[in-house]
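No value in this document is a laboratory result; all are computed from the given coordinates. What you see is a predicted model; the values in this text were computed from it and never measured. Cβ coordinates were reconstructed from backbone atoms using ideal geometry, including for glycine residues, and neighbour counts include every protein chain displayed.
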């Protein structure tokens, strides 16, 4: 699985003009699922996101995680994180998981975050979405469950 994690102020996701997920502040997480991913990838990354220290403490050092600051998660599925544009001009998505696998693992990732006590809002899987956010910092982190070392 691949994630783009952004520390955020207000953020929301719209589908056909309607807000389907919204947070006041916390983390916006774009979630891509690869064809070789499984439950262990979802669990690993949920744990990583829940404990990712990207919020400043009283001294301004990034020592606090999203739970420490009372933030929430806005999780948005995004298969295009597996786009490979090394050849030609149109990305290939051959490494992205098929929708039935991706949907299950995307929901497992979100459920795992909720089990850790986090408020999780989501987009709508397989929908065309408009994501609005205020990237705070800016702080943007890339995570990949297959690149552990």
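Relative to the longest principal axis of the Cα atoms of the chain, helix 39-50 runs at roughly 30 degrees.
I need the shape label for the stretch 92-149. Rule: rounded when a/c is under 1.5, else prolate if a/b > b/c, else oblate, with a, b, c from the alpha carbon gyration tensor. Judged from the Cα gyration tensor, the stretch 92-149 comes out rounded (a/c under 1.5).
A Förster radius of 35 Å combined with the Cβ-Cβ distance from residue 48 to residue 127 puts the calculated FRET efficiency at roughly 0.85. Take the alpha carbon gyration tensor of the chain, find the square roots of its eigenvalues, order them as a ≥ b ≥ c, and report rounded if a/c is under 1.5; if not, report prolate when a/b exceeds b/c, else oblate. Note, shape of the chain comes out prolate.
To the nearest ten degrees, helix 99-115 and the longest principal axis of the Cα atoms of the chain are 10 degrees apart.
Computed over the chain, the per-residue total of -39500 (n - 2.57) for DSSP H runs of n ≥ 4 gives a 222 nm mean residue ellipticity of -6500 deg cm²/dmol, rounded to 500.
Annotation: peptides 10-20, 83-93, ranked by per-residue average of other Cβ atoms within 10 Å with the highest first, follow the order 10-20, 83-93. Spin-label model, residue 116/residue 57: points 7 Å from Cα along the beta carbon direction are separated by 1.9 nm.
Considering the chain as a Gaussian network with a 10 Å cut-off on Cα pairs, which listed residue, 34, 26, 137, attains the greatest mean-square fluctuation? Checking each option, the largest mean-square fluctuation is seen for 137. Here the spin labels are modelled as points 7 Å beyond Cα on the Cα-Cβ line, and at residue 87 and residue 40 they lie 3.0 nm apart.
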